[in-house]
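The values are calculated or read from the model by the stated rules, or taken from the named source; none is laboratory data. Everything numeric in this text was worked out from a predicted model, so none of it was measured. Glycine gets a Cβ as well: all are built from the backbone with ideal geometry, and neighbour counts include every protein chain shown.
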Amino acid sequence: MDSRKALVLQRERLTRKLPPLSEVIRGSLIERRLRCGKPNCRCAKGEGHHAWYLTVTFAGGRTEQVTVPERWVPTVRGWLRNYDRWWETLEKVSAINRGLLRKRWLGSETHRGRRRDVRKKRFTG
């Protein structure tokens with residue numbers, strides 16, 4: 001089989017296995033124990049109230065936190081795993097496409113030895 005065809009098939013197999021893009025989220029899931037400040041609350045003497053947050057850091061250092069209800073934690077964990085799978089696949093597909101670009105360029109007679117006219121055309125209108 002032609003190595004270019006093999007790369008295209010490999011790329012197709014990788015992208016077929018991806019989860020739906022609508023089920024992807026970037027960030028980190030953080031668990032915290034908080035104290036509410038009420039002197040008679042169980043959290044004053046115990047471990048604190050359980051809270052989950054999704055944190056996302058953006059370019060420029062800005063961080064966003066979103067409170068995640070406990071019942072949604074499994075869903076958010078799945079979306080985070082999906083993000084990782086998309087990212088890993090994106091890197092693999094990018095590598096395949098670089099390989100295809102090299103093979104097309106080096107294997108194409110239309111580009112080999114062809115001089116490009118680098119002179120600018122003058123507009124006369």
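Just name the residue that is farthest from R4 (Cα to Cα) out of those in region 50-87 that are of a type in the set (D, E, K, R) and at pLDDT 95 or above. Here the answer is R71. Of the numbered criteria (1) closer than 30 Å to D2 by Cα; (2) touching a residue at least 40 places away in the same chain (Cβ under 8 Å); (3) surrounded by 13 or more Cβ atoms within 10 Å (Cβ to Cβ), the one L90 fails is (2).
Criterion applied to L21, L34, L7 was being surrounded by 12 or more Cβ atoms within 10 Å (Cβ to Cβ) and not small (G, A, S), and the one residue passing it is L7.
Residues being within 23 Å of L90 (Cα to Cα), under 19 Å from the mean Cα position of the chain (by Cα) and in a strand (DSSP E or B) are represented in region 25-42 by at least one member.
Just one of the listed residues (R77, R85) is within 30 Å of R104 (Cβ to Cβ) and surrounded by 12 or more Cβ atoms within 10 Å (Cβ to Cβ), and it is R85.
For R62, the conditions (1) surrounded by fewer than 11 Cβ atoms within 10 Å (Cβ to Cβ); (2) in contact with a Phe, Trp or Tyr (Cβ under 7 Å, 6 or more places away or on another chain) are fulfilled apart from (2).
Only one of the numbered conditions (1) surrounded by 13 or more Cβ atoms within 10 Å (Cβ to Cβ); (2) touching a Gly at 6+ places or on another chain (Cβ under 8 Å); (3) hydroxyl-bearing (S, T, Y) is not met by Y53, and that is (2).
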